1. Considering only residues that are touching a residue at least 60 places away in the same chain (Cβ under 8 Å) and either β-branched (Val, Ile, Thr) or crowded, with 20+ Cβ neighbours inside 10 Å (or both), which ones fall in segment 230-242?
2. Limited to segment 2-38, what total is found for residues that are farther than 15 Å from Leu108 by Cα, part of a loop (DSSP other than H, G, I, E, B) and touching a residue at least 60 places away in the same chain (Cβ under 8 Å)?
3. With respect to the numbered conditions (1) open to solvent by 80 Å² or more (accessible area, probe 1.4 Å); (2) within 23 Å of Phe221 (Cβ to Cβ), which one is the sole condition not fulfilled by Leu18?
4. Every residue in segment 210-224 that is touching a residue at least 24 places away in the same chain (Cβ under 8 Å) and open to solvent by less than 60 Å² (accessible area, probe 1.4 Å), please.
5. Condition check: more than 24 Å from the chain's Cα centre (by Cα), open to solvent by 10 Å² or more (accessible area, probe 1.4 Å), without any contact (Cβ under 8 Å) to a residue 60 or more places away in the chain and over 27 Å from Glu131 (Cα atoms). Does Tyr69 satisfy that?
6. Kindly evaluate Glu180 against the criterion of being at pLDDT below 85 and open to solvent by 70 Å² or more (accessible area, probe 1.4 Å).
7. Condition check: touching a Leu at 6+ places or on another chain (Cβ under 7 Å) and open to solvent by 60 Å² or more (accessible area, probe 1.4 Å). Does Val198 satisfy that?
8. Take Ser157 and tell me if it is within 26 Å of Phe23 (Cα to Cα), of a type outside the set (D, E, K, R) and in contact with a helix residue (DSSP H, G or I) (Cβ under 9 Å, 6 or more places away or on another chain).
Amino acid sequence: MVRIAHCTDFSENAKKALDTILFNFWSFDISIDILHLVEDNYEEAEENLLLYKKELSYSLRSSVTLNTYLYRKEQKTDMLEKLNTGAYFTTVVGLDGIRKKVGMGGFLKELYQSYLGTMTIIPFLHEIKIENRCLTAVEFDNLEALYNLVKINDFMSFQFTKLSVLIRVKEALSEDKLKEVTLLIKKMSPSIQIELLVCNHQDSAKSILGLVAQKKLDYCFLMKGDFFDNLVYDLINNKKQENTFRESLIRINTTSDEILKIKQDENSVQRLSLKFE
């Protein structure tokens, strides 16, 4: 069973984020923990959370289990601890789209900075599709982080993913090194159509984002702490105009121990595996 955390403020944006995840996981056996941080009236929030769960229960198949958790404003640390110790495959949050507020809200910013697991940020304008164009990006010095693709390979196959892999390099890669990198990626995701892209350290953030924009992406997979992770964080957090993001962001936290386990035995890590009837 795949465990997912869903942080909601009962907004249309939060509901859209959950709808997207439910669509993408319709053939998976999942358990969803719904968490809400109370900002004003606790009793009203409690009633809204119960109503939210009831509405979802009517529309979801019986194999999806729902749990609710309510936290007062002064319990924010407890909520973050719950997320960090809940062994979730991902925590799902929404990002406002056009005609919504600019940048990240306070809680999302804090979650982005302190969350230790994999987080999925879904903008309001994200389009739900059967076939998806995805991108993962890492610095060459962090290349081994691509071993994390093992965890989501079944999920990408299910999404009919076309994957672009963007590597940021300090110096041009030789033909032999390009082949070596391509073979590594193919080993991690043998069933996925792969396109390898390379950008130089000298390229500006604007040039890199221009290259990415040409791909008309649906999802971006980023590794926490990598150059591209920081680039995207600054892009979202410092946006001065109405948000028009369409790409959902899946931010993967990785450790050297996990990478070592995957390298030694690809079956040693939790995978997002399909549910078989």
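The values are calculated or read from the model by the stated rules, or taken from the named source; none is laboratory data. Just so we're clear, the structure is a prediction, and the values are computed from it rather than from any experiment. Glycine also receives a Cβ, built like all others from the backbone with ideal geometry; neighbour counts cover every protein chain displayed. These area figures cover heavy atoms from the full protein model, side chains too; ligands, DNA and RNA do not enter into them. Shrake-Rupley method; radii C 1.70, N 1.55, O 1.52, S 1.80 Å.
1. So in segment 230-242, the residues touching a residue at least 60 places away in the same chain (Cβ under 8 Å) come out as 233, 236-242.
The one that is touching a residue at least 60 places away in the same chain (Cβ under 8 Å) and either β-branched (Val, Ile, Thr) or crowded, with 20+ Cβ neighbours inside 10 Å (or both): Ile236.
2. Just the residues of segment 2-38 that are farther than 15 Å from Leu108 by Cα, to begin with: 2-4, 12, 15-16, 18-34.
Subset that is part of a loop (DSSP other than H, G, I, E, B): 25-29.
Filter once more, keeping what is touching a residue at least 60 places away in the same chain (Cβ under 8 Å): 27-29.
The total comes to 3.
3. Condition not satisfied by Leu18: (1).
4. Our first condition is that a residue be touching a residue at least 24 places away in the same chain (Cβ under 8 Å); within segment 210-224, this holds for 211-212, 215-224.
Those that are touching a residue at least 24 places away in the same chain (Cβ under 8 Å) and open to solvent by less than 60 Å² (accessible area, probe 1.4 Å): Leu211, Val212, Lys215, Leu217, Asp218, Tyr219, Cys220, Phe221, Leu222, Met223, Lys224.
5. no
6. Against the criterion (at pLDDT below 85 and open to solvent by 70 Å² or more (accessible area, probe 1.4 Å)), Glu180 does not qualify.
7. Here the answer is yes, as Val198 does meet what is asked.
8. When the stated conditions are applied, Ser157 does not pass them.
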